[in-house]
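Asks: I have a structure here, written as structure tokens, and I will follow up with some questions on it.
The values are calculated or read from the model by the stated rules, or taken from the named source; none is laboratory data. In this text the structure is predicted, and so the values were computed from the model without any measurement. Cβ placement follows ideal geometry from the backbone for every residue including glycine, while neighbour counts extend to all protein chains displayed. Protein only, heavy atoms only, side chains kept; ligands, DNA and RNA dropped before computing areas. Shrake-Rupley method; radii C 1.70, N 1.55, O 1.52, S 1.80 Å.
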Amino acid sequence: MQKFAETDRQIFRFPVAFRNDATLYSGQTDFSPGVRDACKMSKVQVLRLAKIVFVGDCGVGKTCLINRFCKRIFDSNYKATIGVDFEVERFDVLGVAFNLQMWDTAGQERFRSIASSYYRGAHALVVVFDMTNLLSLAHCHQWLEEAMTANCRGPKPLVFLVGTKKDLMGPASQKMVEAQAVQMSKELGAELWLLSACTGDNVLDFFFRLTALNFDRSVLRELERDKVDIKIGYDFVSPKRPVKIAEKNKSKRNNCQGQSDCKI
Ligand code: GDP
Ligand code: MG
């Protein structure tokens, strides 16, 4: 394993949302209290991994977006993704190693039946549409529904709505599409981003925000789990404590076992 992430993959400051009126996570402007402390005191040592699933019609730009970020390239020749592909990108967040595992799915109808098995255990869903094609925006409801159904057990994934090909939009058409995308982000309960894999506009900002939100959630969950463990220990040494609490905590822990969690 690399000792440190590359310098442009290190996050110390919490990235801001694209628009504060088009996100469920607008309240989150910094790492949660406790997360910074835990990282500073090296309490967080497990290598973490977040599974990010990209969905959307074929041709909207999912593969180009991932390639722009991971390989720093843009290829204007269209090659359809077959089935599913994935890339892993290493970050250091507050000095702690964190891997983003990006699952790039094919948008074709014939892969839809197998796709749902790849959606499972996602920590975040990125629903992608093409800003020059409003039909691809309209299809986002269905894409999210399918991906959510596969993740109905376990914690709800973070959801992002991403419009690509911003470079092809004039100011007036961008304004019109952006207004519709804001509305859609509210309907989906998703955080909106508009970007271009061609010019790179907003690409880094989007991936940094995605990573920071996932990292924060992952560490918080670990801190919560530690608290549960301490309580169980207390129940064990004090027989007067009602058994019910220990049972409740036990079932909470069991509920977590079925999902792929942020640790590997
Ligand atoms: P996917 O099927 O969703 O993975 O779509 P691709 O990433 O393969 O992209 C489909 C086509 O859109 C390709 O020809 C890309 O060159 C083009 N494309 C993707 N992103 C952008 C972008 O941001 N700007 C422009 N101008 N073209 C893009
Ligand atoms: Mg593709």
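Asks: Taking interchain pairs and intrachain pairs at least six residues apart, which have beta carbon atoms under 6 angstrom, with the first residue in the range 93-106 and within 16 Å of ligand 2 (Cβ to nearest atom) and the second open to solvent by less than 10 Å² (accessible area, probe 1.4 Å)?
Replies: Short answer, once both residue conditions are applied: Met102/Ile52; Met102/Ile66; Trp103/Val53; Asp104/Phe54; Asp104/Ile66; Thr105/Val55; Thr105/Ala115.
Asks: Output the number of residues of the range 174-198 satisfying the condition of being more than 21 Å from the chain's Cα centre (by Cα) and closer than 24 Å to Arg68 by Cα.
Replies: Here the count works out to 4.
Asks: Then there is this: From the list Val177, Val162, exactly one residue is modelled with pLDDT of 95 or more, within 29 Å of Arg217 (Cα to Cα) and not aromatic (Phe, Trp, Tyr). Which is it?
Replies: Of the residues listed, the single one that is modelled with pLDDT of 95 or more, within 29 Å of Arg217 (Cα to Cα) and not aromatic (Phe, Trp, Tyr) is Val162.
Asks: Could I ask something else about it? Mind checking which pairs have a first residue in the range 140-153 that is under 10 Å from Ser116 (Cβ atoms) and a second that is open to solvent by 20 Å² or more (accessible area, probe 1.4 Å) and not charged (D, E, K, R), Cβ under 7 Å, 6 or more apart or different chains?
Replies: That search, which allows pairs on different chains as well, returns Glu146/Ser116; Ala150/Ser116.
Asks: Output yes when any residue across the range 6-23 is within 16 Å of ligand 2 (Cβ to nearest atom), touching a residue at least 12 places away in the same chain (Cβ under 8 Å), closer than 27 Å to Met184 by Cβ and open to solvent by less than 40 Å² (accessible area, probe 1.4 Å), and no when none is.
Replies: Looking for residues that are within 16 Å of ligand 2 (Cβ to nearest atom), touching a residue at least 12 places away in the same chain (Cβ under 8 Å), closer than 27 Å to Met184 by Cβ and open to solvent by less than 40 Å² (accessible area, probe 1.4 Å), one finds none in the range 6-23, hence no.
Every residue, every condition in (1) farther than 15 Å from Arg48 by Cβ; (2) β-branched (Val, Ile, Thr); (3) in contact with a strand residue (DSSP E or B) (Cβ under 6 Å, 6 or more places away or on another chain), yes or no:
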residue: Val84; (1), (2), (3): yes, yes, yes
residue: Glu89; (1), (2), (3): no, no, yes
residue: Ala115; (1), (2), (3): yes, no, yes
residue: His123; (1), (2), (3): no, no, yes
residue: Val127; (1), (2), (3): yes, yes, yes
residue: Trp143; (1), (2), (3): yes, no, yes
residue: Pro155; (1), (2), (3): no, no, no
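Asks: Still on this structure, I have one more. Could you check Phe31 against (1) open to solvent by less than 40 Å² (accessible area, probe 1.4 Å); (2) within 16 Å of ligand 2 (Cβ to nearest atom); (3) among the aromatic types (Phe, Trp, Tyr) and say which number it fails?
Replies: Every listed condition holds for Phe31 apart from (2).
Asks: From (1) over 16 Å from the mean Cα position of the chain (by Cα); (2) modelled with pLDDT of 95 or more; (3) surrounded by fewer than 19 Cβ atoms within 10 Å (Cβ to Cβ), pick out the condition that doesn't hold for Leu204.
Replies: In the conditions (1) over 16 Å from the mean Cα position of the chain (by Cα); (2) modelled with pLDDT of 95 or more; (3) surrounded by fewer than 19 Cβ atoms within 10 Å (Cβ to Cβ), Leu204 misses (1) alone.
Asks: Let me ask something additional. For the range 119-141, enumerate the residues that are over 19 Å from Val177 (Cβ atoms) and either open to solvent by 10 Å² or more (accessible area, probe 1.4 Å) or hydroxyl-bearing (Ser, Thr, Tyr) (or both).
Replies: Those that are over 19 Å from Val177 (Cβ atoms) and either open to solvent by 10 Å² or more (accessible area, probe 1.4 Å) or hydroxyl-bearing (Ser, Thr, Tyr) (or both): Tyr119, Arg120, Gly121, His123.
Asks: Do we have Leu94 as more than 16 Å from the chain's Cα centre (by Cα), open to solvent by less than 30 Å² (accessible area, probe 1.4 Å) and more than 13 Å from ligand 1 (Cβ to nearest atom) here?
Replies: Against the criterion (more than 16 Å from the chain's Cα centre (by Cα), open to solvent by less than 30 Å² (accessible area, probe 1.4 Å) and more than 13 Å from ligand 1 (Cβ to nearest atom)), Leu94 qualifies.
Asks: Report yes if Ser116 is in a helix (DSSP H, G or I), modelled with pLDDT of 95 or more, of a type in the set (Gly, Ala, Ser) and surrounded by 14 or more Cβ atoms within 10 Å (Cβ to Cβ), otherwise no.
Replies: No.
Asks: So, one more: Do you know which of the residues in the range 50-91 that are part of a strand (DSSP E or B) and within 14 Å of ligand 1 (Cβ to nearest atom) is surrounded by the most Cβ atoms within 10 Å (Cβ to Cβ)?
Replies: Taking the candidates together, the pick is Phe54.
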